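Heads up: the structure comes next, in structure tokens.
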Amino acid sequence: MNNYEYLLSDISILKGVGKSLQARFKRKNINTIFDLILSIPSRYIDRSNESKIKDLHIGKIQTITVNVEKYNFPRLRNLPNKVICSDDTGKLDCIFFNSYEGYIKKILPINKQVTISGRINFFRGRYQITNPTHINSDKNKIKKIHTNYSLTEGISDNVFNKIMTEALNNIPIINEWLSPNILKKLGNVSWNEAIINLHKPNKTRIDKKYINRIIFDEILSTFLINSNIRKNFKKNIKIPKKINSNLVHFVENKIGFNLTNDQNKAIFEINSDISSKKRMFRLLQGDVGSGKTIVSLISAQNVILDKYQVAFMAPTEILAKQHFKLFKKIFGKSVNVELLTGKTQYKEKKEILKRLANNEIDIVFGTHSLFQNKIKFRKLGMIIVDEQHKFGVNQRKKLSEKGGTNCEVLVMSATPIPRTMMMTLYGDMDVTLIKSKPKNRKEIKTYTKDVNKINDVVNFIKKEINNNNQIFWVCPLIEESKKVDHQSSIVRYNYLTKFFKNKIGLLHGSVVKDERDRVLNDFLNKKINILVSTTVIEVGIDFPDATCIVIEDANKFGLSQLHQLRGRVGRGYKESSCILLFRSSLSENARKRLKILKSSNDGFFIAEEDLKLRGYGDLLGFQQSGQKTFRLADPILNEDLFILAEKEIKTIEKNNGNLSKYNTLLKMFDRADIINELI
Ligand code: ADP
Ligand code: MG
């Protein structure tokens, strides 16, 4: 058997794992032996030191060897069963609630020596242990370090430990994949040594080096995959594209504002890529409203002027349409532009496909559907993906394959994430950051308000509407729910309709598509002034006249999410505001978070602060990206290991690393689909 074949086997090959136990493990996402082994104990308890009864410490877990003297099984139902035990220094009672007499007699036979371990209580002048779980006539079974796992219902620690022991007994010795240099930095711990020390430790204070070794492996495997996607992407020589240096000027004249320094820098970096011999594989990252769209459109036009086609993908139809319109407005005269979405009629769609294949369309805007296999381009020179975090890694990998050697890839994302996560999520790409926002931007004023004072908010909105402005009103839930006491969008819509009849629309996840598009278009075309919704409204859409966003139960949202929501306003020249409504009972943590949001309009700062308060798992974007989160590694807590792994990847890349050495590592960390093509 290969090293990894055993580890990737189903746990059902282990003795003692039947169908029902297998199902219970499955509920905890433990399918393979490797999954099992990576379930690191949540607690270690040292039961190895034995004490005499007279020396027992109340409240502590202790181990004693005693003689079983006498049973006391009361006939009354609610009284517990008692077993009186002793050693040569005193007496100890074992108390059993809800245990069968037969069972008690079996584990504690009269006049036999047994070793017991448990938490010591003192009751009516005597030591006792209640419902002891660790009793054995064989001292050695008790006197050791015990491991606790975070259990699923129906798997006891005993069973978990037994199965774990079974799994560990058959573990093959894994050939080392880490370089001697890295291994040394990690304390020279081999994989096998790490695993054994974590599950079968010989002391309770476990050296960090064991867990670090395993975590490092997990990070390195992720980075290796990234590195190889990148290598594959860059391996072929392409035809450099020509750059038209007048474009920026042309566009600035057309749209009436000058690009910011960061926008110009982004265009410069993109131009360097597309005029080089290597394909571009670049992430353009910038906070909401930083002006990524125009950068991408200028890049697209460069590619078009060099006689290539461009595909522009957005996560929603409405956003695709908005980009389409903007591009048409700027470059429409000289360029063939089309929009292809799920709503495009069959006949028209057929026509567009035909023209794409004949190179009669220069740029097509659309949604996911653009990347179906049946859509063929004659001369695709660039793929642009907006709001990339909505799509996920697999799609990015597909992207890297579509389009052939001459196709550049530019993806955009507004989700600010810390550096360790950047390395993880986008380690395969080059990155351009847009930090500054356009100068004319007014700060969005952020207020918090008790929902009881909703009248004030209504009055405020009345004024906004008189000034011909628009308002988003966001609620966490669709319908009123008894379980969760969030303000529902429907209830709020009905309430606000009393004040703003005919000026208000409602959007949530259950509104059918046609109705949804109608409402959004009404809002976009200013037929209505207020849009009440759940969080379904897409990020990215530009509503220049939206000057106010009200967010109910603001404390229920993540900080980054609130920041993204807030980014829907304040895109034009007008003063904008964000009103965070809350109920009076705010937790300390919630107050802190709202304060951070009030104090800053900088998405990166907010993301970092959010992470500190909530942990990375909740961060917007990480979950949405579709990428599996790490099992063990934590981008905040293990920052040093991420940085070490990044260095190691660079070394491997420099030495043109042979991946076969990492075969087992890559297979184990469950990235088989990507790996097959790499090794
Ligand atoms: P995002 O980076 O979130 O995608 P957009 O590209 O949608 O942001 O830009 C947000 C708004 O800012 C748009 O209305 C756009 O026209 C405007 N904008 C972009 N660049 C500038 C600039 N340099 N000066 C002024 N306004 C700009
Ligand atoms: Mg955008």
key: All positions within the stretch 542-565 that are within 16 Å of ligand 2 (Cβ to nearest atom), within 24 Å of the chain's Cα centre (by Cα) and of a type outside the set (S, T, N, Q)   = HIS563, LEU565
task = Output yes when any residue across the stretch 327-338 is open to solvent by 10 Å² or more (accessible area, probe 1.4 Å) and on the phi > 0 side of the Ramachandran plot, and no when none is.
result = no
ask   = Name the residues in the stretch 495-514 that are in a helix (DSSP H, G or I) and either surrounded by fewer than 13 Cβ atoms within 10 Å (Cβ to Cβ) or within 29 Å of the chain's Cα centre (by Cα) (or both), would you?
value = LYS513, ASP514
request  = Would you confirm whether any residue within the stretch 222-236 is over 22 Å from the mean Cα position of the chain (by Cα), at pLDDT 95 or above and open to solvent by less than 50 Å² (accessible area, probe 1.4 Å)?
outcome  = no
note = Within the stretch 530-567, of all residues that are in a helix (DSSP H, G or I), surrounded by fewer than 24 Cβ atoms within 10 Å (Cβ to Cβ) and of a type in the set (S, T, N, Q), the one nearest to ligand 1 (Cβ to nearest atom) is GLN564
ask   = Which ones in the stretch 515-529 are assigned to a helix (DSSP H, G or I), open to solvent by 30 Å² or more (accessible area, probe 1.4 Å) and out of contact with any strand residue (DSSP E or B) (no Cβ under 9 Å at 6 or more places or on another chain)?
value = ASN521, LEU524
message = Of the residues SER39, SER20, only one is at pLDDT below 95 and surrounded by 13 or more Cβ atoms within 10 Å (Cβ to Cβ); which?
response = SER39
remark   = LYS354 meets each of (1) more than 12 Å from ligand 1 (Cβ to nearest atom); (2) under 19 Å from VAL431 (Cα atoms); (3) of a type in the set (Lys, Arg) with one exception, condition (2)
note = Subset of the stretch 566-585, residues within 16 Å of ligand 2 (Cβ to nearest atom) and of a type in the set (Lys, Arg), comes to ARG566, ARG568, ARG571
query = Out of ASN111, ASN98, ASN29, ASN67, which single residue is surrounded by fewer than 18 Cβ atoms within 10 Å (Cβ to Cβ) and in a strand (DSSP E or B)?
reply = ASN67
ask   = Within the stretch 256-276, is there a residue that is under 22 Å from ALA357 (Cα atoms), in contact with a strand residue (DSSP E or B) (Cβ under 9 Å, 6 or more places away or on another chain), aliphatic (A, V, I, L, M) and more than 16 Å from ligand 2 (Cβ to nearest atom)?
value = no
ask   = Condition test on ARG230, is it out of contact with any Gly (no Cβ under 7 Å at 6 or more places or on another chain), more than 16 Å from ligand 2 (Cβ to nearest atom), among the charged types (D, E, K, R) and assigned to a loop (DSSP other than H, G, I, E, B)?
value = no
request  = Among the numbered conditions (1) at positive phi; (2) surrounded by 11 or more Cβ atoms within 10 Å (Cβ to Cβ), tell me where GLY59 comes up short.
outcome  = (2)
request  = Look at the stretch 294-321 and say how many of its residues are open to solvent by 10 Å² or more (accessible area, probe 1.4 Å) and within 9 Å of ligand 1 (Cβ to nearest atom).
outcome  = 1
inquiry  = I'd like the residue in the stretch 436-447 that is away from ligand 1 (no atom under 12 Å from the Cβ) and open to solvent by less than 50 Å² (accessible area, probe 1.4 Å) and, out of all such residues, is farthest from ALA554 (Cα to Cα).
reply    = ILE444
Test for VAL411: is it within 16 Å of ligand 1 (Cβ to nearest atom), open to solvent by less than 20 Å² (accessible area, probe 1.4 Å) and assigned by TED's automatic domain parsing to the domain that holds ARG279 = yes
note = Only one of (1) among the aliphatic types (A, V, I, L, M); (2) within 16 Å of ligand 2 (Cβ to nearest atom); (3) in a loop (DSSP other than H, G, I, E, B) does not apply to ILE417, and that is (2)
query = Among GLY291, GLY342, GLY366, which is of a type in the set (Gly, Ala, Ser), more than 16 Å from ligand 1 (Cβ to nearest atom) and open to solvent by 20 Å² or more (accessible area, probe 1.4 Å)?
reply = GLY342
remark   = Across (1) free of Cβ contacts under 8 Å to residues at least 40 places away in the same chain; (2) under 29 Å from THR147 (Cα atoms), PRO109 clears everything bar (1)
ask   = For the stretch 568-610, what are the residues that are under 27 Å from LYS463 (Cβ atoms), assigned to a helix (DSSP H, G or I) and open to solvent by 30 Å² or more (accessible area, probe 1.4 Å)?
value = LYS595, LYS598, SER599
remark   = Heads up, the helices (runs of 4 or more DSSP H) in the stretch 281-388 (entirely inside) with at least 1 residues that are out of contact with any His (no Cβ under 7 Å at 6 or more places or on another chain) and aromatic (Phe, Trp, Tyr) are 317-331, 346-357
request  = Among the residues of the stretch 260-280, write down those that are of a type outside the set (Val, Ile, Thr), open to solvent by 10 Å² or more (accessible area, probe 1.4 Å) and either assigned to a strand (DSSP E or B) or within 11 Å of ligand 1 (Cβ to nearest atom) (or both).
outcome  = ASN261, ASP262, ASN264
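The values are calculated or read from the model by the stated rules, or taken from the named source; none is laboratory data. What you see is a predicted model, and the numbers here were worked out from it, not measured in a lab. Cβ atoms come from the backbone with ideal geometry, glycine included; neighbour counts cover every protein chain shown. Only protein heavy atoms, including side chains, enter the accessible area calculation; ligands, DNA and RNA are left aside. Shrake-Rupley method; radii C 1.70, N 1.55, O 1.52, S 1.80 Å.
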